[in-house]
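K.L.:
Structure incoming, see below.
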Amino acid sequence: MNKNDGLSIEIYLRQKVHDSIIKFLEKSKCEYCGSTNNLEFHHKKDFDFSTILHNSLYALNIKYESNYKNYSSYDLKNLEYMVLGYHLMLEFSILCENCHKEYHSKNTYKLYKCIQKYKWQMDFYKNIFPESTMEDFINNFNKIYIKKLMEETVNNRNILIDKNEIESFKHKFKDKLIRETFVKTGMLRARDLSNATSIKGINKILLAYNILYIIKSKTYESGNLRDKTYWVIEENENGR
């Protein structure tokens, strides 16, 4: 049995990237300590390796498989080219092996606290997203939770008439939403995830997670009384 047969697709592609680009780093040095030994790529937080892999699979319409041996040679070669292309376009740091490990160890405690805080969500969804990073997992969880809430609300009644009704909806929307400071998706930031107390903020979150609903305000004439505002949840035809 080949020792590489059990390699995950992530490890396989990381090795390919390293082997293809490391020769261009012979005159580089670690950005932290200046060492020229055992140099490695450190992906910027905005676009980590798992995101590159996910986007590459999506663009090529290839299903995720954990073991690289489950891919055809044709699909593997296309994945290699696309992942390498991303590395040529995106920013990354050059760190030596020791500094790279130290960097990640400093961020481990923050992730550990997050994992402990949302342990039940992770346990529940671990079979759906077994290979996700923490950030990927939270975005996936948020998207599923919000989509389910929107569908349930529309099925029950998509018109939210009075103040109590809209406030109840906002509370449900924000209740289980994971709003960690390091999580983002597209142009969405943690501060936007915390801003689920306004209809404008909720609509921004719906768009960022590509959930094709939008909440619109309407008015109706109420006879002698002042015209009143109500809200309607509609499918967003202009969504991404």
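K.L.:
What pairs come out if I take residues in region 72-90 that are surrounded by fewer than 12 Cβ atoms within 10 Å (Cβ to Cβ) and pair them with residues that are β-branched (V, I, T) and in a helix (DSSP H, G or I) whose C-beta lies under 9 Å away, six or more apart or interchain?
P.N.:
So the pair list comes out as L88/I21.
K.L.:
Using the structure shown, decide if K216 is modelled with pLDDT under 85 and loosely packed, with under 15 Cβ neighbours inside 10 Å.
P.N.:
On the way: modelled with pLDDT under 85: no; loosely packed, with under 15 Cβ neighbours inside 10 Å: yes.
Judged against the criteria, K216 is not a match.
K.L.:
Could you tell me whether any residue of region 94-112 is modelled with pLDDT of 75 or more, touching a helix residue (DSSP H, G or I) at 6+ places or on another chain (Cβ under 8 Å) and surrounded by 15 or more Cβ atoms within 10 Å (Cβ to Cβ)?
P.N.:
yes
The values are calculated or read from the model by the stated rules, or taken from the named source; none is laboratory data. The model shown is predicted, which means the values in this text are computed figures rather than measured ones. Every residue, glycine as well, gets a Cβ built from its backbone with ideal geometry; the counts of neighbours run over all protein chains shown.
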